[in-house]
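Scroll down for the structure; my scribbles are underneath it.
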Amino acid sequence: MNRVVITGIGVVSPLGNDPDTFFRALVEGRPGIRKLASPWSASLALPMAGTVDVDIDAHFSKIRRIGLDRVTLLALLAARQAVSASGIALAGTAGENAGLFWGTGMGGATALEASYHDLLVNRAARLKPTTIVMAMNNAAAGQIAIEAGIRGPSYTYSQACSSSAVAIGEAYRAVRHGVVGTALAGGAEALLTQGVLKAWESLGTLANAGSDQPETACRPFAKDRSGFVLGEGAAALILEEHVAACRRGASILAEIVGYGNTTDASHITQPDAAGQARAMRMALAEADLEPSEIDHINAHGTGTKVGDVVETRALKDVFGDFAKQVPISATKALHGHLMGATGALEFIAAVQAMREGVAPPTAHLWHPDPECDLDYVPLVSRPLARSFNVMSNSFGFGGSNAVLVARRYRAASL
Amino acid sequence: MSTLEVIQQMMMSEFDLKREQLGASAKLAELGIDSLATIEFLFLLEERFKLDLNSEPVPIATVGDIAIEIDRLLAHKLADAPA
């Protein structure tokens, strides 16, 4: 079985548009949740979101932008960073041994909604001819493949909040089993449209407007939590087979050693601690690690009433007595819930935490919920006593649970 | 303004291209305008010239090809107009 290493990462997020800026903002507890500037934002109960501030014109010509939804633009930016950071060359036959594993929840939501608006409101007789290629869920994967020269298999996973964690996990498996030598994995989401936000609002999982500090509305594991705040962005990683990465002198950031993927099969939205615990155990078993060897966890921690209690229960089930000792961070409080991109973004946060030896805070956790009584690193970041192994949890609607475990890179296999 | 000039103006604004790139013999593919971008542009031209380009597809490879096709359809439209 091959070892799988990470050799490049890319981030486009509400907290900054490269991995270092993103992680620094997380550690400093800077909020990425801001007032939504859209003309229709007054129609929302809480007009806040984790928005990406990026100069699209500076990165894409007008011709290049034709047929690209915002989700694909963000995806391309993150993928370019990861490829460039890894220094990998995928031109020619190298690209045939590379695969693309991408996650998204709603794909080209902006293009789809604009077309419905044209049709139903403007009574347009026909729609923009690029609507389909902009809106389809695999648009980002196709466009990344074109730019990067990836010509092996490509997959788009749509598993709600766990989409891009699944994408990374499946990419890891493909490299581990020798299906591909290199994988570009990650996810993107750009769903801050009026229709999508109103639909989320109706579901009752978004944070309410009851606070005089709306940028702190998402409060994972807090007694006064009321739900999450949606965000947009993209995160990408280059995974490589270890020997090939060493041979080309790649700089290795971390090693992926475990992946668990389970389905609750109980309810379409209500999470299930048993399903989550099985995914964590599966990832630990593959990594050949005891729970007590995990030094930091990036929680799914969305800030919903039910979700945070269930995740706490699942963590206690898996980690037993050690559950209260492992520092656990819920970073969605600061960057928002990036849906199809969130698993990849948070896995990168966990890897950065391991590399830098510091756990980012769970922001806005002024009033801990007694039912969520683990070490959720409230309010301020904390140096990690040990930082060899980290876990990242992603649990999505549809009962989809994906757990990734990464290890500090050492050349010799343990 | 001739049809070609209107098309050149529209291409400058739609695609951020410069006038000197848009000679009649300039190839669309070499300008970075692929088949999807061409269709989008033809839709804009239909609205601008009040034409229906859906009738029969014609090979369009250059900026000049688009002008020739538009002029041909405009002539048809004039001929078909009630006296």
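The values are calculated or read from the model by the stated rules, or taken from the named source; none is laboratory data. Source: prediction; values computed, not measured. Using ideal geometry, Cβ is built from the backbone for each residue, glycine included, and neighbour counts are taken over all protein chains shown. These area figures cover heavy atoms from the full protein model, side chains too; ligands, DNA and RNA do not enter into them. Shrake-Rupley method; radii C 1.70, N 1.55, O 1.52, S 1.80 Å.
Set side by side, the residues A:Arg313, A:Arg278 differ, and just one is touching a Gly at 6+ places or on another chain (Cβ under 8 Å) and of a type in the set (Lys, Arg), which is A:Arg278.
Within region A:100-111, one or more residues are under 24 Å from A:Pro19 (Cβ atoms) and in contact with a Pro (Cβ under 9 Å, 6 or more places away or on another chain).
The set of residues from region B:41-59 being part of a helix (DSSP H, G or I) and either open to solvent by 80 Å² or more (accessible area, probe 1.4 Å) or in contact with a Pro (Cβ under 7 Å, 6 or more places away or on another chain) (or both) comprises B:Phe43, B:Glu47, B:Arg48. From the list B:Thr3, B:Thr62, B:Thr38, the one residue that fits, being within 14 Å of another protein chain (Cβ to nearest Cβ), of a type outside the set (A, V, I, L, M, F, W, C), buried (at least 16 other Cβ atoms within 10 Å of the Cβ) and within 12 Å of the chain's Cα centre (by Cα), is B:Thr38. Is it the case, given these coordinates, that A:Arg355 is surrounded by fewer than 24 Cβ atoms within 10 Å (Cβ to Cβ), in a helix (DSSP H, G or I) and either among the charged types (D, E, K, R) or not assigned by TED's automatic domain parsing to the domain that holds A:Ile33 (or both)? Yes: the conditions hold for A:Arg355.
Is it fair to say B:Met12 is open to solvent by 40 Å² or more (accessible area, probe 1.4 Å) and assigned to a loop (DSSP other than H, G, I, E, B)?
So B:Met12 does not fit the description; no.
Restricting the search to helices (runs of 4 or more DSSP H) fully inside region A:30-144 and requiring at least 1 residues that are away from chain B (no Cβ under 14 Å) and within 30 Å of A:Cys218 (Cβ to Cβ) gives A:70-86, A:109-116.
Yes/no matrix, rows are residues, columns are (1) farther than 28 Å from A:Ala363 by Cβ; (2) open to solvent by 60 Å² or more (accessible area, probe 1.4 Å); (3) without any contact (Cβ under 8 Å) to a residue 60 or more places away in the chain:
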residue	(1), (2), (3)
A:Val5	yes, no, no
A:Asn17	no, no, no
A:Phe23	no, no, no
A:Pro31	no, yes, no
A:Leu36	no, no, no
A:Asp53	no, yes, yes
A:Phe60	yes, no, yes
A:Ala82	no, no, no
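Could you tell me whether B:Glu69 is within 13 Å of chain A (Cβ to nearest Cβ) and not in a loop (DSSP other than H, G, I, E, B)? No; evaluated as a whole, the condition is false for this residue.
Annotation: B:Leu17 fulfils all but one of (1) touching a residue at least 24 places away in the same chain (Cβ under 8 Å); (2) within 14 Å of chain A (Cβ to nearest Cβ); (3) more than 23 Å from A:Leu127 (Cα to Cα); (4) of a type outside the set (D, E, K, R); the unmet one is (1). Here is the figure for region A:168-183: residues that are in a helix (DSSP H, G or I) and either more than 16 Å from A:Glu255 (Cα to Cα) or aromatic (Phe, Trp, Tyr) (or both) total 1.
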